[in-house]
1. Tally the residues that are of a type in the set (A, V, I, L, M), out of contact with any Ser or Thr (no Cβ under 8 Å at 6 or more places or on another chain) and closer than 20 Å to residue 97 by Cα, restricting the search to region 31-69.
2. Which of the numbered conditions does residue 85 fail, given that it passes all the others? Conditions: (1) in contact (Cβ under 8 Å) with a residue 40 or more places away in the chain; (2) surrounded by 19 or more Cβ atoms within 10 Å (Cβ to Cβ); (3) not hydrophobic (A, V, I, L, M, F, W, C).
3. If residue 110 satisfies all but one of (1) modelled with pLDDT under 95; (2) under 28 Å from residue 24 (Cβ atoms), what's the number of the condition it fails?
4. Taking the condition among the charged types (D, E, K, R), farther than 23 Å from residue 123 by Cα, out of contact with any Asp or Glu (no Cβ under 8 Å at 6 or more places or on another chain) and outside any strand (DSSP E or B), does residue 17 pass?
5. Could you grab me the full set of residues in region 72-106 that are assigned to a loop (DSSP other than H, G, I, E, B) and more than 26 Å from residue 177 (Cβ to Cβ)?
6. So which residues in region 124-169 are hydroxyl-bearing (Ser, Thr, Tyr), surrounded by fewer than 19 Cβ atoms within 10 Å (Cβ to Cβ) and under 23 Å from residue 37 (Cα atoms)?
7. Can you tell which of 73, 84, 56 is farther than 22 Å from residue 156 by Cα and not small (Gly, Ala, Ser)?
Amino acid sequence: MEREVKFKATIDPLLLEEELFRDGFGKIATCFEEDLYFDTIGKLLSARDQALRLRRRECEGVVSVRLAYKGPRLTGVGSGVKLREEIELEIKPEEQAQAVNLLRRLGFNDEWRLFKKRVLFTKKGLEASIDYFEPLGVFLEIEVKDDDAMPEFEKLVEKYSKTLPVVWETYLEMYVKHLGSRGSV
């Protein structure tokens, strides 16, 4: 089960980075991500609040590719925390094109391609990232990687939600809404 919270960064990202260091996080990498989202012709996945994403990540010369299914977000968690089923599997980078072809043959269309720069931080049982997502700005995400870290996660959610707006929408939803507001969808 994926548990994460996203905040809109309303302060300088370097100050946000310093705050993460004060909270005990260590910086592990700066990455560039390309996310390819798939859906059916009738957009059944998005209608059900589900996602099928192929992510290519390059972190300081190391490339990884992961295919992820994300189930519907569960409500009632509070504080803007997203809770949803997530199933991920790793794909060899050289097999990415074959994976895309397979998904297309199964009837999925690659609907959206999103790009972001992600600065990754880690702390026992938690992962944080400062995401530069053009044209929508900078965001902070904090995700639970180990159940034992839940008390610390809850403290961080409480702390950051006092100064940064919590974002419930996914990057894809924000991007589609942005394009719609420009008449581009």
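The values are calculated or read from the model by the stated rules, or taken from the named source; none is laboratory data. It should be emphasised that the depicted structure is a prediction, and the values quoted were computed from it without experimental measurement. Quick reminder, even Gly has a Cβ in these numbers, built from the backbone with ideal geometry, and neighbours come from all protein chains shown.
1. Number of matching residues: 8.
2. (2)
3. The number of the failed condition is (2).
4. No; evaluated as a whole, the condition is false for this residue.
5. Residues satisfying the conditions are 92, 106.
6. Within region 124-169, 132 is the sole residue that qualifies.
7. Sole residue among the options that is farther than 22 Å from residue 156 by Cα and not small (Gly, Ala, Ser): 56.
This table checks each residue for (1) assigned to a strand (DSSP E or B); (2) at pLDDT 95 or above; (3) out of contact with any Leu (no Cβ under 6 Å at 6 or more places or on another chain); (4) aliphatic (A, V, I, L, M).
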{"residue": "3", "(1), (2), (3), (4)": "yes, no, no, no"}
{"residue": "34", "(1), (2), (3), (4)": "yes, yes, yes, no"}
{"residue": "37", "(1), (2), (3), (4)": "yes, yes, no, no"}
{"residue": "42", "(1), (2), (3), (4)": "no, no, yes, no"}
{"residue": "46", "(1), (2), (3), (4)": "no, no, yes, no"}
{"residue": "56", "(1), (2), (3), (4)": "yes, yes, yes, no"}
